[in-house]
Amino acid sequence: MILDKFRLDGKIAIVTGSNTGLGQGFCVALAEAGARVLGVGRRDSEETLAMIGKDKFAYMIADLGDVGCVDKIIKTALDTYGGIDILVNNAGIIRREDSLNFTEKDWDEVMNVNLKTLFFLSQAAARVMVEQNRGGKIINVASMLSYQGGIRVPSYTSSKSAVKGLTMTLANEWAKYGINVNAIAPGYMATNNTEALRNDPDRSKAILDRIPAGRWGTPEDIMGAGVFLASSASDYVNGFTLAVDGGWLAR
Ligand code: NAP
């Protein structure tokens, strides 16, 4: 039955940035669909744990700004649940500054979290998936700025455009192992990431006026796409970046 294909019973997932925002939404969605989830964050994910319960959720602390955390994340997933079927590379940061004044620090910090660790964590998870020989699902969180330039966000746009390209590369290489690599490009969502924009009345109005759905998105809005791309309902979807944006890109 088609709805059974969306079920994630028995699956083991890693979600980065699990303490808040969209990452918290992914954790809740995957757990509600049946998966056991290891959350990863630089702070605790107690709120997410309270939402899901300890049968389906555990979390660990790791700084994804340092690629050295990758081995520890994989080991914790294997020690806690005994495998890896789903990886959601959700954690991401943004720095806003005129490109004329943009610093190397703001460049490196964004690229390290949004792109470098995303790649090496995907590589490490995929190695486990290949070894397990039961396929897998990797979901990268991209952005509207995988498609557009944005303003005053040079490292963020570069990282998110690269995430879209990398998603295609990895999908091409790993489809033969039954590993699907896809991305979700959220539109303008009401999370910490966009707090500065929402607090700026002019920018906030300009953004809202341009969203056909007429509202900011929420973590709940990405849950359906997350379960779809994590489940066997998407077994023949490879390398695609799915916008969940209230129509922003359609304008
Ligand atoms: P958010 O609330 O700021 O969440 C970002 C998550 O990443 C947080 O859990 C954050 O932890 C974690 N994180 C950041 N740096 C980390 C590090 N060095 N180590 C470990 N964890 C780290 O924003 P969000 O909107 O939910 O963002 C989730 C993803 O969606 C990001 O990749 C973002 O770029 C993308 N996105 C968001 C929007 C939007 O409109 N909100 C649009 C397009 C794409 P802390 O809580 O400790 O900071």
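The values are calculated or read from the model by the stated rules, or taken from the named source; none is laboratory data. Worth saying up front: this structure is predicted, and the values here are computed from it rather than measured. When we count neighbours, we look across all protein chains shown, and the Cβ atoms used for this are built from the backbone with ideal geometry, even at glycine. For accessibility, only protein heavy atoms count, side chains too; no ligands or nucleic acids. Shrake-Rupley method; radii C 1.70, N 1.55, O 1.52, S 1.80 Å.
Taking the residues in region 37-75 that are touching a helix residue (DSSP H, G or I) at 6+ places or on another chain (Cβ under 9 Å), open to solvent by 20 Å² or more (accessible area, probe 1.4 Å) and among the small types (Gly, Ala, Ser) as candidates, determine which candidate is nearest to THR117 (Cα to Cα).
GLY65
Which members of region 189-222 meet the condition of being hydrophobic (A, V, I, L, M, F, W, C) and either open to solvent by 40 Å² or more (accessible area, probe 1.4 Å) or farther than 18 Å from SER143 by Cβ (or both)? Working first, answer last.
Kept after step one, since they are hydrophobic (A, V, I, L, M, F, W, C), are these residues of region 189-222: 189-190, 196-197, 206-208, 211, 213, 216, 222.
Those that are hydrophobic (A, V, I, L, M, F, W, C) and either open to solvent by 40 Å² or more (accessible area, probe 1.4 Å) or farther than 18 Å from SER143 by Cβ (or both): ALA190, ALA196, ALA206, LEU208, ALA213.
Filter region 1-44 down to the residues that are in a loop (DSSP other than H, G, I, E, B), more than 22 Å from VAL128 (Cβ to Cβ) and either in contact with a Cys (Cβ under 7 Å, 6 or more places away or on another chain) or within 14 Å of the ligand (Cβ to nearest atom) (or both) and list them by number.
ASN19, THR20, ARG42, ARG43, ASP44
I'd like to know if region 134-147 contains one or more residues that are surrounded by 19 or more Cβ atoms within 10 Å (Cβ to Cβ), away from the ligand (no atom under 12 Å from the Cβ), under 14 Å from the mean Cα position of the chain (by Cα) and not in a loop (DSSP other than H, G, I, E, B).
yes
Which condition from (1) closer than 19 Å to THR194 by Cα; (2) of a type outside the set (A, V, I, L, M); (3) surrounded by fewer than 19 Cβ atoms within 10 Å (Cβ to Cβ) is the one that GLY34 breaks?
Only one criterion in (1) closer than 19 Å to THR194 by Cα; (2) of a type outside the set (A, V, I, L, M); (3) surrounded by fewer than 19 Cβ atoms within 10 Å (Cβ to Cβ) is unmet by GLY34, namely (1).
Which of the residues spanning region 81-109 are of a type in the set (Val, Ile, Thr) and surrounded by 15 or more Cβ atoms within 10 Å (Cβ to Cβ)?
Passing the criteria: ILE84, ILE86, VAL88, ILE93, ILE94.
Table: residues versus (1) β-branched (Val, Ile, Thr); (2) in a helix (DSSP H, G or I); (3) more than 17 Å from the chain's Cα centre (by Cα).
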| site | (1), (2), (3) |
| --- | --- |
| THR157 | yes, yes, no |
| ALA183 | no, no, no |
| GLU195 | no, yes, yes |
| ILE207 | yes, yes, yes |
| LEU229 | no, yes, no |
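Which of the numbered conditions does SER158 fail, given that it passes all the others? Conditions: (1) more than 16 Å from the ligand (Cβ to nearest atom); (2) among the hydroxyl-bearing types (Ser, Thr, Tyr); (3) surrounded by 16 or more Cβ atoms within 10 Å (Cβ to Cβ); (4) without any contact (Cβ under 8 Å) to a residue 60 or more places away in the chain.
The number of the failed condition is (1).
Considering each residue of region 71-103, count those that are aliphatic (A, V, I, L, M), within 12 Å of the ligand (Cβ to nearest atom) and either at pLDDT below 95 or not in a loop (DSSP other than H, G, I, E, B) (or both), and give that number.
Of the residues in region 71-103, 2 are aliphatic (A, V, I, L, M), within 12 Å of the ligand (Cβ to nearest atom) and either at pLDDT below 95 or not in a loop (DSSP other than H, G, I, E, B) (or both).
Which is in contact with a Gly (Cβ under 6 Å, 6 or more places away or on another chain), modelled with pLDDT of 95 or more and of a type in the set (S, T, N, Q), of THR241, THR218, THR157, THR169?
THR157
All but one of (1) out of contact with any helix residue (DSSP H, G or I) (no Cβ under 7 Å at 6 or more places or on another chain); (2) more than 27 Å from TYR236 (Cα to Cα) hold for MET168, so report the exception by its number.
Every listed condition holds for MET168 apart from (2).
How many residues does region 161-195 hold that are away from the ligand (no atom under 11 Å from the Cβ) and not β-branched (Val, Ile, Thr)?
Residues that pass the stated criteria total 17.
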